[in-house]
1. Restricting to region 64-149, what percent of DSSP beta bridges are antiparallel, rounded to 5?
2. Exposure proxy check: 113, 33, 94 ranked by fewest other beta carbons within 10 Å?
3. Under a point spin-label approximation (7 Å from Cα along Cα-to-Cβ), what is the residue 152-residue 86 distance to one decimal in nm?
4. Please count, across region 64-149, the pairs of lysine residues with Cα atoms under 19 Å apart that sit 8 or more places apart or on different chains.
5. So for region 1-129, what are the equivalent ellipsoid semi-axes in whole Å, largest first, each being the square root of 5 times an eigenvalue of the Cα gyration tensor?
6. Find out how many positive minus negative residues lie around residue 8, taking Lys and Arg as positive, Asp and Glu as negative, among other residues whose Cβ is under 13 Å from that of residue 8.
7. Please list, in order along region 85-91, the HN-Hα scalar couplings obtained from phi with the Karplus expression 6.51 cos²θ - 1.76 cosθ + 1.60 (θ = phi - 60°), rounded to whole Hz, x for Gly and Pro.
8. Karplus couplings for region 39-45 from phi (6.51 cos²θ - 1.76 cosθ + 1.60, θ = phi - 60°), rounded to Hz, Gly and Pro as x?
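Please treat every number below as a calculation from the coordinates, not as lab data. For clarity, every value in this text was computed on a predicted model and none was experimentally measured. Every residue, glycine among them, receives a Cβ derived from its backbone with ideal geometry; neighbour counts consider all protein chains shown.
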Amino acid sequence: MRVINEATGEQLGVIPTFEAQRIAREQGLDLVEVAPTVRPPVCKIMDYGKWKYQQKKNQKKHHEQQLKEVRLRPKTDDHDRDIKIARAIQFLREGDKVQFTMQFRGRERSHREIGMETFREILTEFGEHVKIERPPSMEGKNMVMIVSPGKVSFPAKAGEAKPPASGAAGKQTGVGEDKAPRDASSQPDEPADPSPSERTSPTPVAAVIDSRPG
């Protein structure tokens, strides 16, 4: 396999699988196959957990912002309100704007202060996590407020992945949870160099060959 040490940028060339595994383990990193269709296959010595986190972060960065709506009623009970607020927080986490719509019916229209109070409570609860795009105002029979993600992100939910700590050699960072490590010992160790056309790598498909010891 052809090996690149991503941590140092060093091209290690074509080396046996066991040698690449040894180097990765000594550095507390993972051996990941990124171009399995070329011959020899291309592998990188990297922090797989950190790489996955960065990929997810880049996807969020290029997310096209949308306007999502959350509807409320003056008589919405606390349980339903909490569910709707949680949904709004999820939209904001994903980088979208949220339009809160308070729907008034019949005699409820004479109690618009309920809508204003509800929206004030929401803004107080969200604090610096949101930016007000449109303050509460009437739009026909409804009261509308639009917010967007603020400078301070919402805290991660319980059990949600957080950025892995860098430089934690020898520690397991969840590598192999999505894809189980596979043994690459059956692959040819030193096949002939690929032709120029074979060197054009397809879209990288990361598969863990050897993960750091727990």
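1. On the way: 13 of 19 bridges.
For region 64-149, the DSSP antiparallel bridge percentage is about 70.
2. Details: 113 9, 33 20, 94 13.
The order, fewest Cβ neighbours first, is 113, 94, 33.
3. So the two model labels end up 2.3 nm from each other.
4. Numbers: 68/84; 68/97; 68/131; 75/84; 75/141; 84/97; 84/131; 97/131.
Final tally of qualifying lysine pairs is 8.
5. Values: eigenvalues 607, 35, 24 Å².
Values for region 1-129, descending: 55, 13, 11 Å.
6. Values: positive: 44; negative: 6, 10, 26, 47.
Once positives and negatives cancel, what remains is -3.
7. Going residue by residue, I get 5, 4, 5, 5, 4, 5, 4 Hz, with x marking Gly and Pro.
8. 10, x, x, 9, 10, 10, 8
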